[in-house]
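Comments concern the structure below.
The values are calculated or read from the model by the stated rules, or taken from the named source; none is laboratory data. Computed from a predicted structure; not experimentally measured. FYI the Cβ positions are ideal-geometry reconstructions off the backbone, even for glycines, and counts take in every protein chain you see.
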Amino acid sequence: MKGKHALILLFILWLAGAAGLHGQERTSNPFAQAKFVPDISLILDSSFVARDRDDALFASLALPGFSHTGPAGRAAEIDETNIEQGFNLNYAELTLASVVDPYFDLFAVFHVSPDGFDIEEAYFVTRRLPAGLQVKGGRFLSHFGRINGQHAHYWDFASAPLVLSAFFGGGGLGELGARLAWVAPLDIFLQLAVEVLQGDNGMSFGREGFELDGVSVAGVRGPGLVVATAKTSFDLGNLTVLAGLSNASGRSRRDAATEEENGATAFAGRSNVFGADLTLKYLFDSIRYLALQAEVMGRASSGDHYEHDTTGGWTRLEQRGRQAGMYAQAVGRLSKRLRLGARLDWIWKNGLRLGEIGQPLPENLTRYTAMGEWNPTEFSRLRLQYTFDRSRHEQAGGQWLRRPVHELALQVNITIGAHGAHAF
């Protein structure tokens, strides 16, 4: 870890030196190094959290049916932020972006947290392909749905929608791969795209094989996930409409059987996640607006389920899962600095069959969120958010017991440097 931190420090020092050159070189000099310095920004996100459940209990609560660790998915697995009460350094996001030449743009996002230093995104995008085509390659957030492709600091709420985290995990669907997009030559915006991705997402897909006592399951060779999207947008007076359809289909390898203990499970099969999204944004004037946004998502999975039983062996059963949920939110900008919003999260279907037996998983998992946001400038944000979470459960005596959670969070988000505009 010391060597890794040293590399991070050297990288930051290099950025500081580059920024110094940017301020010292004369722009009239054709060989000035400032011409080659990318746009650099740093976003710091921190929060203070209070809830009516202690940290140990909250982290042990499950979102039943939405984890490869068996029927229980811990809160920390589903939602990566705001786990501990008190003060939190959620993340620092370091972004570099630049036009490379007339043919390519390059973009990178480094995610820094108390747990480590990760490359969230690092990809190129073509600039001059004919016929409305564009290629994107590297590591990037998939364009599945409306919110998955957005970074956390751009979200309207401090946490991701429940259904998105349940299907893709707290970090969303971010993969190595390539994307080909085509914009149709029409009067309205219509974009069709396909992504070929590695398929490493552990919540719905996964590529690594596994070996159990007497059972060997091969891993997935090469890219194992394909995402197809169709997006359109048009204006009706002061109303902007954006709609999309998405589908992610791939092979699944989910292994939670690293220790042969009763209840350990593994899965090998296929998963398909589909989604439909709609955004309506009405502009009252150049500042005030009301935005309504909703996404519906569903997941179908089928394959072999392995479970370590009390006899010391492994039982293989056919597994079929059908799960579905949605979120709907309303956000209004009342003035240049003030925004208010509310969101409903609802997972209404949570079906899982092992062999011929349906599993007794709770349905109607809900979460209610309200937020008020104050933006002193475009570089800083203070957000107060209240969440009433009725999705978390505790397993006791073979039954799932609902454990509602009340949470209040004060989030502070501050940006420095040159950060490009976000897509609508």
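Quick look at the values:
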quantity: Members of the stretch 126-146 that are hydrophobic (A, V, I, L, M, F, W, C), crowded, with 19+ Cβ neighbours inside 10 Å and touching a Phe, Trp or Tyr at 6+ places or on another chain (Cβ under 7 Å); calculated: Phe140
quantity: Any hit, the stretch 141-153, residues being over 26 Å from Leu225 (Cα atoms) and within 13 Å of the chain's Cα centre (by Cα); calculated: yes
quantity: Any hit, the stretch 71-90, residues being over 29 Å from Ala122 (Cβ atoms), assigned to a strand (DSSP E or B), at pLDDT 85 or above and more than 17 Å from the chain's Cα centre (by Cα); calculated: yes
quantity: Which listed residue, of Arg402, Arg333, Arg353, Arg390, is without any contact (Cβ under 8 Å) to a residue 60 or more places away in the chain, farther than 30 Å from Asp156 by Cα and in contact with a Lys or Arg (Cβ under 8 Å, 6 or more places away or on another chain); calculated: Arg353
quantity: Pick from the stretch 327-364, criterion of a type in the set (A, V, I, L, M) and modelled with pLDDT under 95, ranking: nearest to Leu410 (Cα to Cα); calculated: Leu361
quantity: Selected residue (only one of Phe140, Phe110 is assigned to a strand (DSSP E or B), farther than 30 Å from Gln319 by Cα, of a type outside the set (D, E, K, R) and modelled with pLDDT under 95); calculated: Phe110
quantity: Some residue of the stretch 382-395 being more than 17 Å from Leu164 (Cα to Cα), modelled with pLDDT under 90 and outside any strand (DSSP E or B); calculated: no
quantity: Residue list for the stretch 359-370, filter: surrounded by 14 or more Cβ atoms within 10 Å (Cβ to Cβ) and either out of contact with any Gly (no Cβ under 9 Å at 6 or more places or on another chain) or in a strand (DSSP E or B) (or both); calculated: Leu365, Thr366, Arg367, Tyr368, Thr369, Ala370
quantity: Check on Glu120, within 22 Å of Ser46 (Cα to Cα) and out of contact with any helix residue (DSSP H, G or I) (no Cβ under 8 Å at 6 or more places or on another chain); calculated: yes
quantity: Residue check for Trp314: surrounded by 14 or more Cβ atoms within 10 Å (Cβ to Cβ), in contact with a Ser or Thr (Cβ under 9 Å, 6 or more places away or on another chain) and either on the phi > 0 side of the Ramachandran plot or of a type outside the set (Ser, Thr, Tyr) (or both); calculated: no
quantity: Pairs, first closer than 30 Å to Asp200 by Cβ and without any contact (Cβ under 8 Å) to a residue 60 or more places away in the chain in the stretch 233-249, second charged (D, E, K, R) and surrounded by 15 or more Cβ atoms within 10 Å (Cβ to Cβ), C-beta under 7 Å, six or more apart; calculated: Ala243/Asp277
quantity: Among residues of the stretch 225-244, those that are in a strand (DSSP E or B), more than 20 Å from Trp182 (Cα to Cα) and over 25 Å from the mean Cα position of the chain (by Cα), counted; calculated: 3
quantity: Condition check for Gly199: in contact with a Pro (Cβ under 8 Å, 6 or more places away or on another chain) and at positive phi; calculated: yes
quantity: Matching residues in the stretch 188-224 - criterion: being closer than 16 Å to His305 by Cα and part of a strand (DSSP E or B); calculated: Phe210, Glu211, Leu212, Val215, Ser216, Val217
quantity: Only listed residue being out of contact with any Asp or Glu (no Cβ under 6 Å at 6 or more places or on another chain), exposed (fewer than 13 other Cβ atoms within 10 Å of the Cβ) and among the charged types (D, E, K, R), chosen from Glu407, Glu356, Glu394, Glu373; calculated: Glu356
